[in-house]
Every structure is written in structure tokens, then in C-alpha cells.
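Here is the structure we will look at.
The values are calculated or read from the model by the stated rules, or taken from the named source; none is laboratory data. Values in this document were obtained by computation on a predicted structure and should not be read as measured data. Ideal geometry is used to build each Cβ from the backbone, glycine not excepted, and the neighbour counts take in all protein chains shown. The area values use the complete protein model at the heavy-atom level, side chains included, leaving out ligands, DNA and RNA. Shrake-Rupley method; radii C 1.70, N 1.55, O 1.52, S 1.80 Å.
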Amino acid sequence: MRVSRIQAAENRETVINVASRLFRERGFDGIGVKDLMKGAGLTQGAFYKQFASKEDLAAQASRRAMESATHRWSAATAANPESPLDAVMSFYLSMDHRGERMDGCPVVALGSDAARQGAEVKASFEAGIREYLEMLGSWVGGADNDEAGVKAMTILSTMVGAVLLSRVVNDPDLAQAFLDAATGQVREAAAA
């Protein structure tokens with residue numbers, strides 16, 4: 001049975017959305033095309049009509065995951081526009097976010113995997129990271145753009161590292177300690 005162009009486009013979006021979540025949960029190499037397509041409710045044959053390769057899908061799914069994360073930051077800041085950095089820290093450096101394997105920050109979930117991928121996957125991450133940095137830089141300010149950029153990089157590195165380390169350990173108290181320490185360091189960096 002032939003699929004309409006509209007249905008094909010919807011199927012493609014479904015695959016990208018499912019892949020963005022499943023890659024975050026299992027890693028790029030932790031799931032194959034067959035299981036990705038099964039997760040999307042489609043056949044493996046449909047994959048090759050939509051994507052040039054698994055890497056093509058990985059790049060698009062990474063872009064989607066980064067967009068989703070950026071929208072989440074924007075939603076948090078919209079809920080607390082007086083203190084956007086605190087709004088983002090409140091959810092990002094939390095035990096809830098630590099537990100969000102499929103929907104959490106893609107940099108935390110896939111950063112080391114992305115470093116071993118091709119240029120297109122890295123470009124998807126880079127675009128999202130630049131957006132994170134732009135948002136952070138606008139909140140922390142500074143005497144000049146260079147100072148704001150350095151603060152933004154320090155804050156992002158601290159937050160990503162803390163969530164990653166909190167996920168690596170079994171002890172919930174140690175995990176919370178990493179998140180709490182990062183919260184303090186981010187506040188200091190922003191105030192400096």
C-alpha cells in the first residue's frame with residue numbers, strides 16, 4: 001500500500017522524535033535501525049525511504065533533541081522571567097532531570113557518543129550548545145561580550161558535568177551533592 005506524501009512526512013517526523021528519545025536513553029550504538037523503527041511503529045524498510053543512513057537519522061535526531069532542550073530552557077525562563085538562570089538551574093540541576101534518560105539534556109546523555117560521530121552529528125550538537133551559550137550569556141552579562149561568553153561556558157560546563165557525574169553514581173546522596181555543588185558554583189560564576 002502506497003503512503004501519501006503527508007503521511008510519509010508525518011512518519012519521518014515520528015521517527016526523528018522517537019530516535020531523539022531512544023538515542024538519549026541507549027546511545028547511538030545502543031539501538032539499531034530495526035528497533036528504532038519498531039519504536040516508531042514502522043517497518044525497517046520504511047527507514048531507507050526516509051533517511052540516507054543511520055548517521056543521517058542520528059544528526060536529525062540530535063538536532064531535534066537539542067531543540068527540545070532549548071525549548072525547555074525557554075519554558076523555564078518564561079515561567080520565571082525575573083531570574084532566568086535560577087529557573088534553568090532549578091530543573092537542570094535536579095534529581096528529576098538526573099532521572100530523565102530519554103528526555104533530559106542530550107549533551108549529558110550523548111556528549112561522549114557525539115564526540116565519536118561524524119561532522120553532521122557534531123554540527124547538530126554544536127548548534128544547540130551555541131544556543132545554550134547565547135541564552136546563558138544574555139543572563140549573566142558582564143563588562144563585555146567576551147566576559148559573558150567565558151561565564152556562559154563556565155556555567156554550561158559546570159551544569160553538564162554535574163548532571164553527568166550525578167548519573168554515573170549509584171548513591172543518591174552523592175548524586176545530590178554533585179548537583180548542589182554545581183548550583184553553588186554556577187551562582188558564584190554568575191555573580192563574578
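Sorting Phe178, Phe51 on solvent-accessible area from highest to lowest, probe radius 1.4 Å, gives Phe178, Phe51. Element breakdown for the chain at a 1.4 angstrom probe: carbon and sulfur atoms account for 52% of the accessible area. Computed over the stretch 48-109, the quotient of the alpha carbon radius of gyration and 2.2 N^0.38 Å is 1.37. For the stretch 126-175, the spread of Cα positions along the three principal axes, ordered from largest to smallest, is 41, 23, 13 Å. Here's the picture: charge each Lys and Arg Cβ at +1 and each Asp and Glu Cβ at -1 in the chain, and of Met89, Val150, Val33 the one pushed furthest to the positive end of that dipole is Val33. Between Ala52 and Ser74, what FRET efficiency follows from the Cβ-Cβ distance if R0 is 30 Å, with the result rounded to 0.05? Efficiency, from the Cβ-Cβ distance: 0.45. With all protein chains in place and ligands, DNA and RNA left out, the 1.4 Å accessible area ranks Met135, Met89 as Met135, Met89, largest first. Per-residue surface analysis assigns Ser112 an accessible area of about 80 Å², computed on protein heavy atoms at 1.4 Å probe radius.
Enter the angle in degrees (range 0 to 90, nearest 10) between the Cα long axis of helix 172-191 and the first principal axis of the Cα atoms of the chain, meaning the one along which they spread out most. Here the helix axis deviates by roughly 60 degrees. Once the gyration tensor of the Cα atoms in the chain is diagonalised, the equivalent ellipsoid follows with semi-axes of 33, 18, 14 Å, ordered largest first. Centre-to-centre, using Cα atoms only, the stretch 100-116 and the stretch 14-86 are separated by 10 Å. Measuring nothing but alpha carbons in the stretch 109-151 and taking Rh as the Kirkwood radius, the Rg to Rh ratio lands at 1.13. Between the beta carbons of Arg187 and Ala115, assuming R0 = 45 Å, the FRET efficiency works out to 0.95 to the nearest 0.05.
In this Cβ point-charge picture (+1 for Lys and Arg, -1 for Asp and Glu), the stretch 1-153 has a dipole of about 940 debye about its Cα centre.
Picking from Asp180, Asp96, Asp56, which is most flexible by a Gaussian network model of the chain using Cα springs under 10 Å? Ranking Asp180, Asp96, Asp56 by mean-square fluctuation puts Asp96 first.
The lysines whose alpha-carbon is closer than 28 Å to the alpha-carbon of Lys38, local same-chain residues fewer than 8 away aside, are Lys49, Lys54, Lys122. Under conditions of 10 °C and 1.306 mPa s, the stretch 27-141 yields 103 µm² s⁻¹ as its translational diffusion coefficient, taking Rh as the Kirkwood radius over Cα pairs in the Stokes-Einstein equation. Note on the stretch 85-128: Kirkwood hydrodynamic radius from all Cα pairs is 11.6 Å, rounded to one decimal.
Mind pulling the angle between the C-alpha long axis of helix 119-140 and the longest principal axis of the chain? Nearest 10 degrees, somewhere in 0 to 90. On a 0 to 90 degree scale, this one is about 30.
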